[in-house]
Structure formats: C-alpha cells, structure tokens
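This report concerns only the one structure given below.
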Amino acid sequence: MPTAIIADDERLMRDQLRLRLNQAWPELDIVGEAKNGEEAIELVSQLKPDLTFLDIRMPGKTGMEAARAIGAGSNIVFVTAYDQYAVEAFERGAVDYVLKPPEAERLQVTIDRLKARLAKPKEAVNDSVTAMLSQLAEKMAAPKPTYLQWIQASIGQDLRMIPVEDILFFRSDEKYTCVQTERFEALIRKPVRDLAEELDPALFWQIHRATLVNVNAIEGVTRDIRGRHLVLIKGKSDKLEVSRSFLHLFKQM
C-alpha cells in the first residue's frame, strides 16, 4: 500500500486534499500531516512516505525549500494556487502538481501519473526529480523581464505620456514611428526594431519589419486581391500588412 504525507499551512486545504485523495485513491495511506516545510522534512525522515504533497508557499521553510531538503527521500507533488513558472516546469512530467482547490478530474490525472511513477525503479525516478528541482530553482530565481509601461511621444509641440495598453499599433517610416491610439496619433523617433525588444511580446506582436500591433486591438485578418494578409484594427479603417515571416503568429487565433 503506497503511503503519503500532506504539508500545507491551511488546515482546510489539508482536509480537502485528504478527502479528495481518499475518494480517488482509497488504497493510498496518508500517514501524516505537516503545517510547514520544517515539519514536512521531519515527517519524511521519520515515516519515509512514498509521496509528499507539498504546498509551495508556507511560512518559515517553503515547499520549494523543503523539496530540496527532502531530495530523493520521497516523490514530491507540489500543491499550488497557481505559479506560472512552477506549472510550466511540472507539465514536463518529472515532478507533478495539484492546483488549489483540487479538482477531481485533474487530481485523477495526477494519481494516474503517480501510480505509474511508483511502478518504476526508484533510481530512475530520483534522477529526473533531482534534475527538475534544480531547473525549477533556476527559473524561480531568474528576474522577470521589465517592459515599457509608457511611451513619451510628440503631438505637435506637446509631449504626451501614453500608456502602452492604449496604443493600437506602431508603424515606422524612414524617419519617425507613428504611435496610433484610439483617439489620436503621435510620433516618436524610436524604430520598431528597438520597440520590439522593449515591449511585452505577449501584448505587442511584430507583424512586419516596420509594424507592431497590440494583440487586443486585432479585429481579424483578411487577404487582398494580391494575396497579402492584412490585419484589421478594431474601430479603425487601417489595414496593416503582415509579412510572410510573421504569419505563424495568427495560426493560434
């Protein structure tokens, strides 16, 4: 019979996870509970459970720190409200995760993976866990990139600070770059190639060497009689040409 411990600083979450696990995996013996990372490490040392369900964010020693201390002593399953770096790493399969609150369907996926993991030789599992924890630690420690939040642009003789989310698109010519908003047009001297490196790529797509468009401003894509792909802008008559090298961006739309 496989054994497990649950570590979470919230009693309600421990109770809920225990209940869901009992319902979905009655053969699993939950042999202990911990309120923080230190207690989790002690329980693993004493009880040597096959599985340890660790909340990522706990006071004192966090789940991440506890996992590093536990190492190969137990198979780690992280419990998280949502962490983009953690989830991205866990989806690769070396260490699994459960989102709060635990949903029956997703929990069953985790249980199936864990059953398959427990059926493998322990050495093979430990190697992948150690590698993933090291990779995840690097991701979590890496600073998040900072992107431009405002654009300083000229309107006639005046200078304006324009929030980037208000900008529909940027379009450059040989000398200036046009900054188009819903209400007005302004000019800056910075070329599109520099803006593309300083703006959030999730918000602004480069669709041409001279054009950046706000994803939220895109109404659709059409083709003209010459076969060119053109981006339609919400509330505007402008049509922005898409270069062939950027057409792949629209396959996900």
message = Whole-Hz ³J(HN,Hα) for each residue in segment 229-238, computed from phi via Karplus 6.51 cos²θ - 1.76 cosθ + 1.60 with θ = phi - 60°, x for glycine and proline: what do you get?
response = 8, 10, 8, 8, 9, 4, x, 10, 8, 4
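Express in % the proportion of alpha carbon pairs of segment 27-86 at distances exceeding 17 Å. Don't skip to the end; give the middle numbers.
Working: 550 of 1770 pairs.
Of all Cα-Cα pairs in segment 27-86, 31 percent lie more than 17 Å apart.
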query = Could you give the nm distance between label points at residue 174 and residue 226, where each point is 7 Å from its Cα heading toward the beta carbon?
reply = 1.9 nm
ask   = Sequence-distant or interchain residues sharing an amide H contact under 5 Å with residue 28, placed H: which?
value = none
key: Net charge, residue 168 excluded, C-beta distance under 13 Å - Lys, Arg +1, Asp, Glu -1   = -1
query = Taking amide hydrogens as modeled 1.01 Å from N in the peptide plane, which residues meet the under 5 Å criterion relative to residue 229, leaving out close sequence neighbours?
reply = 242
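Does segment 143-245 come out rounded, prolate or oblate by the C-alpha gyration tensor, with a ≥ b ≥ c the root eigenvalues, rounded set by a/c under 1.5 and, if not, prolate when a/b is larger than b/c and oblate if not? Provide the component values of the computation, followed by the final result.
Numbers: a/c = 1.66, a/b = 1.36, b/c = 1.22.
Prolate.
Filter 100/239; 100/234; 35/120 down to the pairs with a C-alpha to C-alpha distance above 32 Å, please.
Working: 100/239 44 Å; 100/234 37 Å; 35/120 30 Å.
As for pairs spanning more than 32 Å Cα to Cα, those are 100/239; 100/234.
Looking at the square roots a ≥ b ≥ c of the eigenvalues of the Cα gyration tensor of segment 140-197, which shape do they give, rounded for a/c under 1.5, prolate if a/b is larger than b/c, or oblate?
Working: a/c = 2.37, a/b = 1.73, b/c = 1.37.
Note, shape of segment 140-197 comes out prolate.
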ask   = Net charge near residue 14, counting Lys/Arg +1 and Asp/Glu -1 over other residues with Cβ under 10 Å of its Cβ?
value = -3
query = Residue by residue through segment 196-205, which ³J(HN,Hα) values in whole Hz follow from phi under the Karplus form 6.51 cos²θ - 1.76 cosθ + 1.60 (θ = phi - 60°), with glycine and proline marked x?
reply = 4, 7, 9, 9, 5, x, 6, 9, 10, 9
task = Specify which residue in the list 41, 6, 28 is farthest towards the positive end of the charge dipole of segment 1-51, using unit charges on the beta carbon of Lys, Arg (+1) and Asp, Glu (-1), about the Cα centre.
result = 28
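Every read-out reported here was derived from the displayed coordinates using simple, explicitly stated rules and does not represent laboratory data. Note that the coordinates shown come from a computational prediction; the quantities given were computed from them, not determined experimentally. Reconstructed Cβ throughout: ideal geometry from the backbone, glycine too, with neighbour counts over all protein chains shown.
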